[in-house]
Amino acid sequence: MKRVLLCAAALLGASLCLASSAQAEEYRSEYRLSTVLPSSYPWGRAGELWAKLVREKTNGRINIKMYPGTSLVGGDQTREFTAIRQGVIDLAIGSTINWSPQVKQLNLFSLPFLMPDYKAIDALTHGEVGRDIFKILESQGVVPLAWGENGFRELSNSKKVIRTPADMKGMKFRVVGSPIFIDTFSALGANPTQMSFADAQPALSSGAVDGQENPLSVFVNAKMWTLNQKYLTLWEYTADPLIFVANREVWASWTPADREIVRQAAIQAGAENVKDARKGIEPPDDAAIKEIEAKGVTVTRITDAERKQFRDATRKVYVNWTKTIGPGLVKKAETSISKR
Ligand code: X2X
């Protein structure tokens with residue numbers, strides 16, 4: 001009604017009015033954004049920030065609502081990517097791990113001990129490898145917009161200090177959704193079980209599994225010391241970046257100007273997310289590690305010789321998965337890291 005009155009009053013001519021109302025009808029009242037973690041974590045905060053920036057800069061034309069807990073796919077993180085392609089999910093900030101079952105090249109970031117430090121992550125996401133991965137995602141039917149970060153994944157457990165693969169022998173670990181994690185933990189002599197993050201928490205609490213691996217920001221926000229996680233090993237064996245994407249049809253339904261707003265907001269929220277995820281963790285800032293120790297958790301930093309033992313034990317996983325990921329992409333990643 002308001003639009004009709006405005007059109008009548010504006011004397012702009014029937015065709016312009018029709019055009020603007022057709023466009024308005026194409027925009028939905030809500031766009032659904034999927035994340036795994038809620039806004040108490042850097043990942044969820046990135047989702048809230050993206051939504052806020054887009055809402056402000058489009059004057060409310062694009063209203064994004066975040067659905068954490070991968071609730072749009074019943075909590076099954078490994079189904080998120082397919083749901084974005086199918087349009088069940090309009091927008092997502094997803095971990096490279098959770099989308100790896102569908103996009104095999106994303107297993108690159110899960111290759112054991114590929115990335116030695118934060119500069120190495122940045123060399124991949126902000127270099128040629130990152131651009132290649134965006135092209136691959138595009139060819140798989142989604143629109144990639146920006147990079148964020150979950151972080152270096154550290155090892156925790158309820159039983160003992162872990163310094164070498166021998167210490168992990170026979171221990172039960174909850175692992176994430178890509179089979180490379182089963183291979184890595186098996187190569188280390190442990191007993192891995194794949195489950196969602198939602199299922200991991202009761203499994204740790206009841207002792208059904210002894211340990212898990214996640215970034216320290218997740219360890220802190222999930223208060224993992226309350227889930228029997230009394231021992232933490234800082235081994236930096238893999239890191240998962242996050243990727244901001246849109247469903248292709250939803251993207252095409254927006255005007256070019258609005259698409260640019262959504263993209264720039266994703267880039268801004270992604271940059272904030274990376275800072276947020278590294279806060280208290282990236283040397284020399286160790287506030288998060290101190291906070292964990294203050295909760296009674298024994299934090300172990302492994303030596304170079306110990307890291308070499310983990311690296312050697314998982315070398316065959318690295319070599320085998322390189323074939324799946326693509327030797328060209330792995331080589332490019334190794335070169336980018338060595339030049340960082
Ligand atoms: O499930 C996990 O461990 C989490 C939250 O880190 C991911 O979604 C990859």
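Laboratory data are not the source of any read-out in this text; all were calculated from the coordinates shown. Given the structure is predicted, the values throughout are model-derived calculations rather than measurements. Methodologically, a virtual Cβ is constructed for each residue, glycine included, from the backbone with ideal geometry; neighbour enumeration extends over all protein chains shown.
Given all pairs of different Cα atoms, what value in angstroms does the Kirkwood hydrodynamic radius of region 204-265 take? Provide the component values of the computation, followed by the final result.
Numbers: mean 1/r = 0.0654 Å⁻¹.
The Cα-based Kirkwood calculation yields 15.3 Å.
Close amide-amide hydrogen proximity is noted between residue 195 and 175, each under 5 Å apart and 5 or more residues distant or on a separate chain (H modeled in the peptide plane; Pro and chain starts excluded). Residues 147, 50 in ascending order of nearby Cβ atoms (within 10 Å, fewest first): 147, 50.
Greater than 22 Å separation of Cα atoms is the criterion. Which listed pairs, 119/295; 119/279; 159/223; 172/230; 119/332; 135/316, meet it? Working shown, then result.
Numbers: 119/295 30 Å; 119/279 15 Å; 159/223 17 Å; 172/230 15 Å; 119/332 15 Å; 135/316 28 Å.
Where the Cα-Cα span goes over 22 Å, the pairs concerned are 119/295; 135/316.
Restricting to the chain, what percent of DSSP beta bridges are antiparallel, rounded to 5?
On the way: 22 of 38 bridges.
Within the chain, antiparallel bridges account for around 60 percent of the total.
Quick one: in region 96-224, what % of C-alpha pairs are over 23 Å apart? In whole percent, the long-distance tail amounts to 38.
Taking the highest mean first, how do the peptides 81-94, 224-237 order by number of other beta carbon atoms within 10 angstrom per residue? The partial results should precede the final answer.
Details: 81-94: 21.9, 224-237: 20.1.
Highest to lowest by the protection proxy: 81-94, 224-237.
Rg/Rh for region 28-338 stands at 0.96; both radii use Cα atoms, and Rh follows the Kirkwood definition. If only the Cβ of Lys and Arg carry +1 and only the Cβ of Asp and Glu carry -1, the dipole of region 28-338 around its Cα centre is close to 340 debye. Positive end of the dipole of region 242-340 (Cβ unit charges, origin at the Cα centre): among 302, 324, 243, the Cα lying farthest that way belongs to 324. Relative to the longest principal axis of the chain, what angle (0 to 90°, nearest 10) does the C-alpha long axis of helix 14-26 take? For helix 14-26, the angle is close to 20 degrees. Here region 186-340 was treated as a single set of alpha-carbon atoms; its pair distances binned every 10 Å from 0 give 8, 25, 33, 24, 9, 1 percent.
Over region 209-340, what is the relative contact order in percent, taking alpha-carbon pairs closer than 8 angstrom and at least six residues apart?
On the way: 53 pairs, mean separation 47.2, N = 132.
Once normalised by length, the contact order is 36 percent.
Sorting the segments 315-327, 190-202, 96-108 by their mean number of nearby beta carbons within 10 angstrom, highest to lowest, gives 96-108, 190-202, 315-327. Show that you can apply the helix-only estimate: for the chain, add -39,500 (n - 2.57) for every DSSP H stretch of four or more residues, divide by all residues, and state [θ] at 222 nm to the nearest 500. Taken over the chain, the calculation gives -14500 deg cm²/dmol.
Using a cutoff of 8 angstrom between alpha carbon atoms and counting only pairs six or more residues apart, the relative contact order for the chain works out to 24 percent.
For the chain, the longest principal axis of the C-alpha atoms and the axis of helix 128-139 are separated by about 60°. Semi-axis lengths, largest first, of the ellipsoid equivalent to region 173-223 are 18, 12, 10 Å, with √(5λ) applied to each eigenvalue of the Cα gyration tensor. Separation of region 123-172 from region 283-340 is 10 Å, based on Cα centroids.
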